[in-house]
Amino acid sequence: MWDVDGTLLHDRGRCYSAYVSAFTAFTGHEFRAQVNAGGRTDRWITAQVFAQHGIEVRDGFDEFFARYAAAVAALPPGPGPAQALPGVAEVLAELHARPHVVQTLVTGNIAPVAAEKVRNVGLVHYLDTSIGGYGEHHEERAELVRTARARAEAVHGPVADSDVLVVGDTEHDVRAALDCGVVAVGVATGRTSAAELAAAGAHHVLADLTDTATALAVLAGVPAPARAER
């Protein structure tokens with residue numbers, strides 16, 4: 001279960017600009033919110049944004065999220081400033097080739113935006129996005145893990161806790177995995193350091209995904225090649 005932003009890719013504001021324009025078009029307010037969004041769900045973020053603007057929403061955010069998704073879909077094609085992080089494509093490709101591995105997303109993004117982000121940088125064909133957990137319905141990331149696991153097991157059958165891996169770059173990703181009793185893998189490619197990910201309780205911490213052999217040893221139980229001692 002892969003997080004998206006800061007773990008698989010840097011969107012570099014591409015979809016954020018669509019969020020801001022959708023907010024202004026939907027509410028008529030100039031966007032002036034300040035929210036620490038790292039590791040948070042779009043549901044949580046949007047609740048904070050609307051509250052900071054003094055806007056009360058009684059019927060949920062479905063209509064706004066539809067406007068946001070449409071704004072993202074209308075973005076010009078091509079990655080532009082967005083990019084997959086180093087080593088990500090290689091690791092996803094290696095895992096995709098293993099029949100016992102199923103890869104999906106657990107991300108705070110709403111589903112259509114998550115799919116667009118990974119599609120835009122050429123990663124979507126490695127992932128079964130239909131069984132992911134997304135941020136439109138829950139404020140807590142642990143609920144996204146539970147949702148994704150239930151969807152995956154409905155298709156593939158029961159999976160042991162030790163075979164469910166949540167990979168992310170923030171302490172919120174780590175905490176969500178721990179709250180669900182599954183394996184937390186921290187990747188220090190975002191704003192959270194390796195030491196902070198370890199302190200949050202991650203079972204494994206990777207500096208990044210550029211060492212494919214090491215990543216596969218953690219993520220798929222593939223023994224890392226032995227080092228020759230001199």
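Contact map, the stretch 151-179: first residue touching a residue at least 60 places away in the same chain (Cβ under 8 Å) and at positive phi, second residue part of a strand (DSSP E or B) and not hydrophobic (A, V, I, L, M, F, W, C), Cβ cut-off under 6 Å, separation 6 or more or different chains; the map is empty. Scanning the stretch 153-201 for residues that are part of a helix (DSSP H, G or I) and open to solvent by less than 50 Å² (accessible area, probe 1.4 Å) yields HIS172, ASP173, VAL174, ALA176, ALA177, ALA194, LEU197. Only one entry in VAL118, VAL102 is of a type in the set (A, V, I, L, M, F, W, C) and open to solvent by 60 Å² or more (accessible area, probe 1.4 Å), namely VAL102. Residues of the stretch 114-126 that are among the hydrophobic types (A, V, I, L, M, F, W, C) and touching a residue at least 24 places away in the same chain (Cβ under 8 Å): ALA114, VAL118, VAL121, LEU123. Starting from the stretch 198-214, take each residue that is in contact (Cβ under 8 Å) with a residue 40 or more places away in the chain and list its partners that are part of a loop (DSSP other than H, G, I, E, B) and surrounded by 15 or more Cβ atoms within 10 Å (Cβ to Cβ), counting only C-beta distances under 6 angstrom and pairs at least six apart or across chains. Between residues of the stretch 198-214 that are in contact (Cβ under 8 Å) with a residue 40 or more places away in the chain and residues that are part of a loop (DSSP other than H, G, I, E, B) and surrounded by 15 or more Cβ atoms within 10 Å (Cβ to Cβ), the close pairs are ASP208/THR189; LEU209/GLY87; THR210/GLY87. Residues being of a type outside the set (Phe, Trp, Tyr), within 25 Å of LEU206 (Cβ to Cβ) and outside any loop (DSSP other than H, G, I, E, B) are represented in the stretch 64-84 by at least one member.
Taken over the stretch 127-150, the criterion of being touching a residue at least 60 places away in the same chain (Cβ under 8 Å) and of a type in the set (Val, Ile, Thr) is satisfied by VAL145 alone. Considering only residues in the stretch 122-142 that are of a type in the set (A, V, I, L, M) and not in a helix (DSSP H, G or I), the one that is least open to solvent (accessible area, probe 1.4 Å) turns out to be LEU123. I need a count of the residues in the stretch 1-56 that are free of Cβ contacts under 8 Å to residues at least 40 places away in the same chain, under 30 Å from ALA177 (Cβ atoms) and not in a helix (DSSP H, G or I). Result for the stretch 1-56: 4. Summed over the stretch 3-42, the residues that are open to solvent by less than 60 Å² (accessible area, probe 1.4 Å) and under 14 Å from GLY135 (Cβ atoms) give a count of 11.
The values are calculated or read from the model by the stated rules, or taken from the named source; none is laboratory data. Everything quoted here is computed from the prediction, not taken from an experiment. Every residue, glycine as well, gets a Cβ built from its backbone with ideal geometry; the counts of neighbours run over all protein chains shown. All accessible areas refer to the heavy atoms of the entire protein, side chains included, with ligands and DNA or RNA removed. Shrake-Rupley method; radii C 1.70, N 1.55, O 1.52, S 1.80 Å.
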